[in-house]
1. Name, by its number, the condition in (1) touching a Lys or Arg at 6+ places or on another chain (Cβ under 6 Å); (2) surrounded by fewer than 21 Cβ atoms within 10 Å (Cβ to Cβ) that does not hold for Gln234.
2. Just to check your reading of the model, which residue among Glu331, Glu350 is within 27 Å of the chain's Cα centre (by Cα), of a type outside the set (Val, Ile, Thr) and surrounded by fewer than 18 Cβ atoms within 10 Å (Cβ to Cβ)?
3. Restricting the search to segment 194-228, which residues are surrounded by 15 or more Cβ atoms within 10 Å (Cβ to Cβ) and among the hydrophobic types (A, V, I, L, M, F, W, C)?
4. Could you tell me whether any residue of segment 312-320 is in the same structural domain as Asp421 (by TED's automatic domain parsing) and exposed (fewer than 14 other Cβ atoms within 10 Å of the Cβ)?
5. Determine whether Thr288 is hydroxyl-bearing (Ser, Thr, Tyr) and not assigned by TED's automatic domain parsing to the domain that holds Ser409.
6. With respect to Leu183, is the statement that it is crowded, with 23+ Cβ neighbours inside 10 Å and more than 30 Å from Gly468 (Cβ to Cβ) true?
7. Given the conditions (1) at pLDDT 60 or above; (2) not in a loop (DSSP other than H, G, I, E, B), and given that Arg441 satisfies all but one, which numbered condition is not satisfied?
8. Could you please give the count of residues in segment 309-320 that are modelled with pLDDT of 95 or more and of a type in the set (Gly, Ala, Ser)?
Amino acid sequence: MSKKKSSISSGGGGGKRPSSIKPTRPSSKPTRPSPGPSRPAPRSHVSGQTPKRPVSKTPRPTARPPAAPPPKAPRPVQKAVRPPVKQPRPGAPGRATHISSSVSAAERAQQKQLRRQQRRNLGGVGFAAGVAAGAAAGTAAGAMVGEGGAEKLNELSERLAALQQGAALVSVYEDLEDTDSALYALPGQVAAVRTQEYAFANYLEHKVETLSAQWAEVKERVAAAVEQRSADLQGDVNEAESALQRAYSGGSAQIGRAESAIRQLESKVTAAQQAIEAMFDTIDDNVTQVMGQLEQINWTLEQAREASFDFYEGEDFVAACRAQLLEQGDEGPEGILYLTDERLAFEQKEEVATKKFLFITTEKETLHEFVFAELVGHVEEVRPSEARAGLMGRKEILDVLFAPDATISDVKLRLIQADSDEWARLIKKVKSGEIERERVRAEGEETAPVEELTVQVEEIPTKCPNCGAAFTTPIVRGMREIVCGYCSTVVRL
């Protein structure tokens, strides 16, 4: 980073944050160490803020309508015309859309799940029409089949009306439109983190380009599958409609047959929806995963700008997460854990109660101060683990042991909304220098060699251990390796 200030490594002392760990701030700013191999050793602490860096059901009716003319089941909905879908522009800076600007990766996944649930309930556009048509038809049929039969016919009419819409499979286009919008914005979002000088995850650009190319092909196949399957389902819709028509003039046996036909139609529509969704789920999940990666990078850079201590000139950020430094049992300060290409650092950053009344906090203050920073080269061992936390689920614990030359001997950290295994892998990657393979290279600069990772047969992965993308190629018996299509990592099986 071109505008970082000089900074500290840590204060003196060892152990788990004894009073000697926490440095006392000087009254003046330290001199900036000059970049290069002759960088002077960082002093015990630095005060001041890091300067800003460039950032470039529709309700059921309560009353039935009056008796209608001779009952007639709702007509099947004709196959819908496929709506236009915006085309993503691979490799070009994307514009911000309502999908990318206001919806996070987690929210997008939740919205997708909600659409799927509504689709399975078949409570789409046709539901309201089914309520009205079913109520009118059921009222007229009441004299023939009795009140209980009329209620059943009401229900079956509603279900059939919704199924007629569901069989057209048009709701799948909502998913396609959402993926298009998210993909369209990704190139610009990647470019934005580069303008903030994030130097790693060099696979992001290629990952987005590959996803866009894959999506252009898959989207056309999905559209063709929607047309074919909706045409195939039309015969089942017609059969269910005929069975329901006969039920209006027949007895309970005919109603039973109509219900059976509608139940079979429901099963077929759901199966068709699931089959089509499976055609693009992996790519769509990878889009969401890239969104999450970019959000985490942006969060890391934001926290670094607000840090209570400075960073070396040329020191590049790798990751950050919220964490708690465990000093005595489960007690200790909460704050931000930073990993750069040179150091592992922690600062306290939390609100604490300063005054309470009957166990209710009436006053708070924010504590934001440096705790420790150690060279990654002084890390001797990183042990990820999980601890049971009762009703709160599991705790992600990270134990870090440092070399004798370090100013502290070890720390125990509880990671908040972060994976301890992933963090252990990252720290080891930085210490070994493997992280340099992910550094963004200037145009014409030699590209780092493809990374090869070896995994045990019983540990066959479902996602790339380097970039985190879900594998689109199925792993089958006899395969010796799999190559990630997004970052080119070769995984030996």
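The values are calculated or read from the model by the stated rules, or taken from the named source; none is laboratory data. Note that the coordinates shown come from a computational prediction; the quantities given were computed from them, not determined experimentally. So basically every Cβ, Gly included, is an ideal-geometry build from the backbone, and we count neighbours across all protein chains shown.
1. All conditions are met except number (1).
2. Glu350
3. If the condition is that a residue be surrounded by 15 or more Cβ atoms within 10 Å (Cβ to Cβ) and among the hydrophobic types (A, V, I, L, M, F, W, C), then Ala199, Phe200, Ala201, Leu204, Val208, Leu211, Trp215, Val218, Val222, Ala223, Ala225, Val226 are the ones that fit.
4. no
5. yes
6. It is false that Leu183 is crowded, with 23+ Cβ neighbours inside 10 Å and more than 30 Å from Gly468 (Cβ to Cβ).
7. Of the numbered conditions (1) at pLDDT 60 or above; (2) not in a loop (DSSP other than H, G, I, E, B), the odd one out for Arg441 is (2).
8. 2
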